[in-house]
1. Quick one: which residue in 327, 337, 308, 356 is part of a strand (DSSP E or B) and either modelled with pLDDT of 95 or more or surrounded by 17 or more Cβ atoms within 10 Å (Cβ to Cβ) (or both)?
2. Just to be sure before I move on: is residue 257 among the β-branched types (Val, Ile, Thr), part of a helix (DSSP H, G or I) and open to solvent by less than 50 Å² (accessible area, probe 1.4 Å) in the structure I sent?
3. So for the range 22-37 (the condition being at pLDDT below 95, in contact with a Phe, Trp or Tyr (Cβ under 9 Å, 6 or more places away or on another chain), closer than 30 Å to residue 378 by Cα and not aliphatic (A, V, I, L, M)), does at least one residue qualify?
4. Could you say which residue among 76, 55, 27, 47 is of a type in the set (A, V, I, L, M, F, W, C), more than 25 Å from the chain's Cα centre (by Cα) and surrounded by 13 or more Cβ atoms within 10 Å (Cβ to Cβ)?
5. If you check residue 290 against the conditions, is it under 18 Å from residue 367 (Cα atoms), out of contact with any strand residue (DSSP E or B) (no Cβ under 7 Å at 6 or more places or on another chain) and among the acidic types (Asp, Glu)?
6. Run residue 265 past the list (1) open to solvent by 30 Å² or more (accessible area, probe 1.4 Å); (2) in contact (Cβ under 8 Å) with a residue 12 or more places away in the chain; (3) out of contact with any helix residue (DSSP H, G or I) (no Cβ under 7 Å at 6 or more places or on another chain); (4) over 20 Å from residue 113 (Cα atoms) and report the number of the one that doesn't hold.
7. With respect to the numbered conditions (1) touching a strand residue (DSSP E or B) at 6+ places or on another chain (Cβ under 6 Å); (2) of a type outside the set (A, V, I, L, M, F, W, C); (3) within 25 Å of residue 259 (Cβ to Cβ), which one is the sole condition not fulfilled by residue 123?
8. Within the range 95-148, track down each residue that is in a helix (DSSP H, G or I), of a type in the set (Ser, Thr, Tyr) and open to solvent by less than 20 Å² (accessible area, probe 1.4 Å).
Amino acid sequence: MQPSDRLSKIPPYLFAELEKKIAAKKAAGIDVISLGIGDPDTPTYPAIVAAMQRAVTDPATHQYPSNRGRQDFREAVAAFYKRRFGVELDPDTEVMPAIGAKECIFNLNLAFLNPDDVALASDPGYPVYTGGPLLAGASSVLMPLKPELGFAPDLGAIDAETLRRAKLMFFNYPNNPTGAIAPEGLFEQIVSLARDNDILAVHDNAYSETTYDGYVAPSFLQTPGAKEVGVEVFSWSKGYNMTGWRCAAIVGNADAIAAYWRLKSNIDSGNFEAVQLAGIAALDPAVDAEVAAMNEVYARRRDLVCDALAAAGVKVSKPKGTIYVWAPVPEGFGSSAEYCAHVLEQAAVVISPGGAYGASGEGFFRISLTTPDDRLLEAVERLRAL
């Protein structure tokens, strides 16, 4: 049985490989602490769970949903964007649910890329930004995120031929894996570049609700002209502890969403309506207090990790957003993968090698804050002991 050529072009998915390594260590009786995968360790907020419990008992939610989504779901997203970001969205043409941000980002590649096209992808970045174009039969061109630019790409360095072939641009702030926030003026530059080169700008907005130190993350769609050239993929996964629920929405340019819908209607049968009703409950202003309390937990963990790394001589900046700490690999290791393998073997702690997120991630490693405080402290102590 021979897999397709396009499947052979992409490496095994990073987190699937991490799960295998963790399972093997645990099977050997080793106490492994995983700081690799960004999966919240605390439960989904009670009001959301209660809404889901009510919804699954309603037989009306048990039938095929519409790919367009429930009207009340789309209206709730539009109301949230108006309240949270000051962005006006037409719930009938500029909002559509997605079965998680990963599915949505991947499907955008199928909807907009031909074989000779390219997608511009943040480097380092979420692996789907580069794997998605390959599976769609196209290719990606990396945009290195420059530490000296605040982990932003140098858009002026993209050559004319690449811009001619580019049809999509993937970017993400607050940023995974670096934890960086969008530098001032970056979104305006992206709007200009996308408009001048007929590129669909895709902002992966997975972490706007997970921020610290008084920072409030913007939406890309707040930028003048953004809705003319782009879409934003908003995810419930991290801010509302709903990773397993697969609840997201694509919002923004109506023509792009119509094309996405045409593809999506041929691929899946839409989001389970009970999940959509839970998503509506999550966007209620009453849940904001739960989000703020969760961010206090992450801020405490961030400080614990960063302070311990600093004490061990690792220079690290405290991020203002996301659930990750991005730190430089200590001297003496040839690569980030070598260092992370060393940590796993010697300390039984799983951390993510920066190089797995792209060539520009080499020399760094990522720690996820989604581990209970006591286990996180134990993991940091093991790291420091190395």
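1. On the way: 337 fails: part of a strand (DSSP E or B); 308 fails: part of a strand (DSSP E or B); 356 fails: part of a strand (DSSP E or B).
Being part of a strand (DSSP E or B) and either modelled with pLDDT of 95 or more or surrounded by 17 or more Cβ atoms within 10 Å (Cβ to Cβ) (or both) holds for just one of 327, 337, 308, 356, which is 327.
2. Values: among the β-branched types (Val, Ile, Thr): yes; part of a helix (DSSP H, G or I): yes; open to solvent by less than 50 Å² (accessible area, probe 1.4 Å): yes.
Here the answer is yes, as residue 257 does meet what is asked.
3. The answer is yes, given that some residue of the range 22-37 is at pLDDT below 95, in contact with a Phe, Trp or Tyr (Cβ under 9 Å, 6 or more places away or on another chain), closer than 30 Å to residue 378 by Cα and not aliphatic (A, V, I, L, M).
4. On the way: 76 fails: more than 25 Å from the chain's Cα centre (by Cα); 27 fails: surrounded by 13 or more Cβ atoms within 10 Å (Cβ to Cβ); 47 fails: more than 25 Å from the chain's Cα centre (by Cα).
Selected residue: 55, the only one of 76, 55, 27, 47 that is of a type in the set (A, V, I, L, M, F, W, C), more than 25 Å from the chain's Cα centre (by Cα) and surrounded by 13 or more Cβ atoms within 10 Å (Cβ to Cβ).
5. Numbers: under 18 Å from residue 367 (Cα atoms): no; out of contact with any strand residue (DSSP E or B) (no Cβ under 7 Å at 6 or more places or on another chain): yes; among the acidic types (Asp, Glu): yes.
Judged against the criteria, residue 290 is not a match.
6. (4)
7. All conditions pass for residue 123, except number (3).
8. Residues of the range 95-148 that are in a helix (DSSP H, G or I), as a first pass: 101-112, 128-135, 147-148.
With the extra rule that they be of a type in the set (Ser, Thr, Tyr), the set shrinks to 129-130.
Within the range 95-148, 129 is the sole residue that qualifies.
The values are calculated or read from the model by the stated rules, or taken from the named source; none is laboratory data. Since this is a predicted model, take the numbers as computed values, not measurements. Note: ideal-geometry Cβ built from the backbone for every residue, glycine included; neighbour counts use all protein chains shown. Heads up: the accessible areas ignore ligands, DNA and RNA and are worked out on the full protein's heavy atoms, side chains in. Shrake-Rupley method; radii C 1.70, N 1.55, O 1.52, S 1.80 Å.
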